[in-house]
Amino acid sequence: MKLLDSLRLRLAALFHPSQVNTEMEEELHSHIQLRADDLERSGLPRPEAERRARIEFGGREKYKEECHQALGNRFIEILIQDVRFSLRMLRRSPGFTIAAVLTLALAIGANAVVFGMLNGLLLRPLNLPQAESLYAIQRGNDTYILQSYPDYLDLRDRNRSFDGLAAYNIAQAGLDTGKNPSTAWLYEVSGNYFDALGIRPYLGRLFHGSDEHGPNSAPYIVLSWAYWHSHFQDDRGVVGRTVQLSKHPFTILGVAPPQFHGTLLFYSPDFFVPMVNAEQVDGANFLNARGTRWVFEVLGRVKAGVTPAQATADLNAIGSYLGKTYPNEDGPTSFSLVRPGMHGDFFAPAVRAFLAGLMLLAGLILLAACANLGSLFAARAADRGREVALRLALGSSRSRILRQLFTEAVLISLVGGAAGLCGGVVLLHWLSAWQPFPQYPMTIPVYPDASVYLVALLLALASGFLFGAVPVRQVLRTNPYEVVKSGSIARAGRRLTVRDLLLVVQIAICAVLVTSSFVALRGLVRSLHSNFGFEPRNAMLIETDLRLAGYSPDQVPAMQKRMIEAMEAIPGVTRVGLVDVPPLHMGWAVSPVFTDKTTDLRP
Amino acid sequence: MANQAQLLPGTLDLLILRAVSLGPLHGYGVLLRIGQISGNALLIEQGALYPGLFRLVRQGLLKSSWGTSENNRRAKFYELTAAGRKRLREETESWNRLASAIACALSPQPEET
């Protein structure tokens, strides 16, 4: 009951400040009347009695203020007052308000988008249970992360620091579900892949290490949820169905959970097949080739209580064993741990540098916006000099006036920030859904999460306080007596003011921004028109993969010859050629080049 | 006036609780009652009473309701809540302990005679 009463009182104070005020006024009035009654009874005439009662009571306004303080909740009450007043002031100058909100919306929106990318690509761990303990294994201290399958098996079986080491490889295959065969992008994964990552099936079951019994022994498919949704129309009957994968029968075991998109940030596979069946999937068998490094990434969860340094030492012990046992294929070998998701340190430095540059530019934009708004606010405070002076003269404290000005600034920054964030979120969702290269399942998973919202809020608050702080000195120096007397703020000559300084800062930042955007634009234009040494115009690429259609290696050349002849017969075609990896094409093929004197032909 | 004592900080709340413990009172009544039970020996500025009353209401030690005074004026009456009664008991005890300790310390000591 007591709690309810006190709550009711506080709520009343919050929402009906005038009612609380009236009651307080009435109570104090009643006190004075009662005192006057007593004084009157002792023989004073009524008017004199009331006068004496008022004097005895003391400073009425002062005690009223103290009563308000005793009621508590002054902070929120003043805040509501200030917000109301600020809204009124802002409504009175819509041009200023719109300009300020738009400036901030653009600046904070840009920052939210760039931070969203930074967050999605660098800060946020892979969406997996206990992703902090997950590491990928990199060879040596360079950025070489590919491993050979026998090396992977040795790492997996000989280490004592990981709760299961998994491996995966990116591959392409032709999938025939009975109607229109199509190419699909998939992961070839080690049998323990799902168990090592802690993935539970959404539907059916996943395969395990125990399903593998040597090459081509596990013709199973686990679909990704997205592929099941788009290509199988959420049909729960797919479990157990047999489909043709590169002309080999594979059984669909189950569906992975919706939030699992594989272990490479940019690339979401359509489905997963066991790595031991790689020969059936892409026609080549490197399972026993220790010198051929084709396994895309080996990753695992470091055991609880084992530090990354201990795990690295453990791996290096295996490395020296490999180096001694297989001097021709492995040679001196060391390993290091990297965060998974970016293919080791292969993409990460470029992404990091790019995003750091962008973040810097976005930060500059926000600074320029703050400088701009700061001078706008200073100008506004100068225009409102008389209002400030009048309020000071009426007994308002300077801190109270500054508080109101800050409320106004933060209000603008919050509205601008909210508008910018809305735009940013739309852009981030669009970016996340964007596939920059239609022929590859590449995505940029930068959908916003709580930290993006938090950063936008903090940026908005910080910039509000930053540009709100510009007119502080002006208000502190206002002399109400002078202003009210002369009717304007006396300007003591032209001196270098904060506003001049802000203008210089703003121009400098804008010069940097404009220059850098021109440099970027020119770079783009030049790379669009650069001289490659060949003429890319009018060249058409037709991508085929005969292995996916079930052609055996000895049948391929004849078929390719027939295709070339057929294409040459098309009117208007001048030349037809065959190429494995076209120039400027993004491909994974890396060819080691050796000088003629090299004897150690390891990659 | 000259021989009225200044209130020690924090004692006004205790006096208000004590005054109200004898029966519901309006603000002016609290003032009169304090004067009466202290033999008019304490100097309290009348307005200073109200922040104290509001504070005690907020702490849930007093509750208030509007009523009519003995000479037919509308006034706000205060009375103790259960928590207020408990607080008064505790504060009285601790005040008595403090007062007797100070009195004991200030009384003439054997070695002074």
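The values are calculated or read from the model by the stated rules, or taken from the named source; none is laboratory data. Computed from a prediction, not measured in an experiment: that's the story for all the values here. Cβ placement follows ideal geometry from the backbone for every residue including glycine, while neighbour counts extend to all protein chains displayed.
Would you mind finding the one in A:GLY214, A:GLY204 that is at pLDDT 90 or above and either surrounded by fewer than 21 Cβ atoms within 10 Å (Cβ to Cβ) or basic (Lys, Arg) (or both)?
Going through A:GLY214, A:GLY204 in turn, the sole match is A:GLY204.
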Any chance the range A:269-280 includes a residue that's surrounded by 21 or more Cβ atoms within 10 Å (Cβ to Cβ), within 33 Å of the chain's Cα centre (by Cα), in a loop (DSSP other than H, G, I, E, B) and on the phi > 0 side of the Ramachandran plot? no
Kindly provide the set of residues from the range B:10-28 that are hydroxyl-bearing (Ser, Thr, Tyr) and more than 14 Å from chain A (Cβ to nearest Cβ), ordered by number. B:THR11, B:SER21
Identify all residues within the range B:79-100 that are hydroxyl-bearing (Ser, Thr, Tyr) and either over 21 Å from B:PRO9 (Cβ atoms) or touching a residue at least 40 places away in the same chain (Cβ under 8 Å) (or both); write none if there are none. B:THR81, B:THR92
Is it the case that B:LEU61 is over 12 Å from the mean Cα position of the chain (by Cα) and more than 9 Å from chain A (Cβ to nearest Cβ)? yes
Within the range B:34-46, how many residues turn out to be within 12 Å of the chain's Cα centre (by Cα) and either within 11 Å of another protein chain (Cβ to nearest Cβ) or buried (at least 19 other Cβ atoms within 10 Å of the Cβ) (or both)? 2
Looking at (1) in contact (Cβ under 8 Å) with a residue 24 or more places away in the chain; (2) surrounded by 15 or more Cβ atoms within 10 Å (Cβ to Cβ), find the lone condition where A:GLY319 falls short. (1)
Scanning the range A:217-234 residue by residue, those in a loop (DSSP other than H, G, I, E, B) and either surrounded by fewer than 16 Cβ atoms within 10 Å (Cβ to Cβ) or basic (Lys, Arg) (or both) turn out to be A:SER217, A:GLN233, A:ASP234
Cross-chain or 6+ apart pairs with Cβ under 7 Å, the range A:258-281 first and within 18 Å of A:PHE232 (Cα to Cα), then β-branched (Val, Ile, Thr): A:PHE260/A:ILE199; A:SER268/A:THR443; A:PHE271/A:ILE221; A:PHE271/A:VAL222; A:PHE272/A:VAL189; A:PHE272/A:VAL222; A:VAL273/A:ILE221; A:VAL273/A:VAL281
Only one of B:LEU49, B:LEU7, B:LEU98 is away from chain A (no Cβ under 12 Å), under 12 Å from the mean Cα position of the chain (by Cα) and either surrounded by 13 or more Cβ atoms within 10 Å (Cβ to Cβ) or of a type outside the set (Phe, Trp, Tyr) (or both). Can you tell me which? B:LEU7
Please work out if A:GLN138 is surrounded by fewer than 17 Cβ atoms within 10 Å (Cβ to Cβ), touching a residue at least 60 places away in the same chain (Cβ under 8 Å) and either of a type in the set (S, T, N, Q) or within 14 Å of chain B (Cβ to nearest Cβ) (or both). no
Exactly one of A:PHE85, A:PHE115, A:PHE96 is touching a residue at least 24 places away in the same chain (Cβ under 8 Å), surrounded by fewer than 16 Cβ atoms within 10 Å (Cβ to Cβ), of a type in the set (A, V, I, L, M, F, W, C) and more than 14 Å from chain B (Cβ to nearest Cβ), and that residue is A:PHE85
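Listed here are the residues, each with its yes/no results for (1) in contact with a Cys (Cβ under 7 Å, 6 or more places away or on another chain); (2) of a type in the set (Phe, Trp, Tyr); (3) surrounded by fewer than 16 Cβ atoms within 10 Å (Cβ to Cβ); (4) within 10 Å of another protein chain (Cβ to nearest Cβ).
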residue	(1), (2), (3), (4)
A:LEU34	no, no, no, yes
A:ASP37	no, no, no, yes
A:GLU65	no, no, yes, yes
A:ILE78	no, no, yes, no
Take the residues of the range A:410-427 that are crowded, with 24+ Cβ neighbours inside 10 Å and aliphatic (A, V, I, L, M): which is farthest from A:ALA110 (Cα to Cα)? A:ILE412
Considering the range A:39-61, residues that are hydrophobic (A, V, I, L, M, F, W, C) and at the interface with another protein chain (Cβ under 9 Å from one of its Cβ atoms), and then whichever is nearest to B:LEU43 (Cα to Cα), we arrive at A:PHE57
Flag if A:ARG91 is more than 14 Å from chain B (Cβ to nearest Cβ) and in a helix (DSSP H, G or I): yes
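If I ask for residues that are under 30 Å from A:LEU122 (Cα atoms) and hydroxyl-bearing (Ser, Thr, Tyr), which ones from the range A:218-264 would you list? Even if it seems obvious, please write down each step before you answer.
Narrowing the range A:218-264 to residues under 30 Å from A:LEU122 (Cα atoms): A:222-230, A:255-264.
The answer is A:SER224, A:TYR227, A:SER230, A:THR263.
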All helices (runs of 4 or more DSSP H) inside the range B:7-113 with 1 or more residues being over 24 Å from A:CYS67 (Cβ atoms): B:27-37, B:82-106
For the range A:499-516, check the following and say yes or no: at least one residue is more than 30 Å from A:LEU245 (Cβ to Cβ), in a helix (DSSP H, G or I) and among the acidic types (Asp, Glu). yes
Considering only the range A:7-17, I want to know if a residue exists there that is at pLDDT below 80, away from every other protein chain (no Cβ under 14 Å) and in a helix (DSSP H, G or I). yes
Examine the range B:64-74 for a residue that is facing chain A (nearest Cβ under 8 Å), farther than 23 Å from A:ARG60 by Cα and touching a residue at least 12 places away in the same chain (Cβ under 8 Å), and state whether such a residue exists. no
Among the residues of the range A:534-586, how many are of a type outside the set (Gly, Ala, Ser), touching a residue at least 60 places away in the same chain (Cβ under 8 Å), surrounded by 13 or more Cβ atoms within 10 Å (Cβ to Cβ) and part of a loop (DSSP other than H, G, I, E, B)? 1
